[in-house]
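Worksheet: the structure to be examined is printed underneath.
The values are calculated or read from the model by the stated rules, or taken from the named source; none is laboratory data. Since the model is a prediction, treat every value here as computed from it, not as a measurement. Note that we place each Cβ from the backbone using ideal geometry, even for glycine, and neighbour counts take in every protein chain shown. Note: areas computed on protein heavy atoms with side chains; ligands, DNA, RNA excluded. Shrake-Rupley method; radii C 1.70, N 1.55, O 1.52, S 1.80 Å.
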Amino acid sequence: MINRRHLLAAGTLAVLALRLPVPALAADEPIKVVASFSILGDMVQEVGGDRVRVTTLVGPDGDAHVWQPAPADARTVADADLVVMNGLGFEGWMDRLVQAAGYDGPVAVATTGIVPRQMAEAEEGEEDHDHAGGEDHDHDHGGTDPHAWQSLTNARIYVHNVLEALIAADSDDKPVFEANAAAYLKKIDALDARIRAEIASVPAERRKVVTSHDAFGYFEAAYGVEFLAPVGVSTEAEASAGDVAKLIDQIRAEKIPAVFMENISDPRLLARIASETDATIGGTLYSDALSPADGPAATYLDMMDYNVRTLVAALRT
């Protein structure tokens, strides 16, 4: 009888072991990805689909130039399977955060392979800038413009780098990631063609605008719109009175038609510039961050589409 009970118990345990879903659930668990800011987080989500769980450090309407990590952010990074960052000096705080988190996993740089735009004049201006309160914001572009996502040609490189990082982290889901990336690239190509057509509809002499900081250099190079800004590539910089005066003179002399606010910048300086010239406030552009989910730029492609429609609407009038 005892042996029979033992056999029954062993058989029951064997059946339960076969039914236990623990190993399958572990295999099916989405990989935890931490993206440095909202635009990059959206790209990772597009490529990863339901096989990733993305946490974004600097969220919608957030300014990564001045963002400072909190202890909770270190815990988020420590728990990640993969960290994805922009690079090109955009996240001056990332090394410190990774070190504080004790994270020793993979860190993917999404701009790997992109030819960076150099900003010699901006570099000089930013080196002379004294941060308010003497704080060290760990933010130094080193003369390099980090806003490479403003070109959809560069966005293709972002997608490739994200794809490779996800495959390295989860090779079993490679076919899923590749299919998602291919579909995403088709959308990128279609939007790129539409942007070029929209910009071509604006007379060349009217393709000049003013924005809060120099975040649209890659857009300018790709699509032929000249962007002027009172400060350099970082929102930490402050425009001098002389620089503002020169910009006002240039707007008047060249009859620059529109001034655009940015979702991450203080609008007061541009409002003053517009009030002293014939330029109109053309609207708000999204430069370094997406809008909240209920806004007009909730995804990267929505952001690029919204920006070009806002630009063209102002420059055509």
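Taken over the range 285-310, the residue count meeting the criterion of being over 17 Å from V259 (Cα atoms) and either in a loop (DSSP other than H, G, I, E, B) or of a type in the set (S, T, Y) (or both) is 13.
Based on this model, can you work out whether D50 counts as assigned to a helix (DSSP H, G or I), at pLDDT 95 or above, within 24 Å of N180 (Cβ to Cβ) and within 30 Å of the chain's Cα centre (by Cα)? The answer is yes for D50.
Within the range 32-46, residues that are assigned to a helix (DSSP H, G or I) sit with their Cβ atoms under 8 Å from residues that are of a type in the set (D, E), at 6+ positions apart or across chains, in these pairs: I39/D288. Of the numbered criteria (1) modelled with pLDDT of 95 or more; (2) open to solvent by 30 Å² or more (accessible area, probe 1.4 Å); (3) within 24 Å of D294 (Cβ to Cβ); (4) outside any strand (DSSP E or B), the one T55 fails is (4).
Annotation for the range 64-77: at least one member residue is under 21 Å from P116 (Cβ atoms) and open to solvent by less than 40 Å² (accessible area, probe 1.4 Å). Taking first residues from the range 83-105 that are farther than 9 Å from S36 by Cβ and in a helix (DSSP H, G or I) and partners that are of a type in the set (K, R) and open to solvent by 10 Å² or more (accessible area, probe 1.4 Å), the Cβ contacts under 9 Å between residues at least 6 apart in sequence or on separate chains come to A101/R75. For T112, the conditions (1) surrounded by fewer than 20 Cβ atoms within 10 Å (Cβ to Cβ); (2) modelled with pLDDT under 95; (3) under 19 Å from F37 (Cβ atoms) all hold with the exception of (2).
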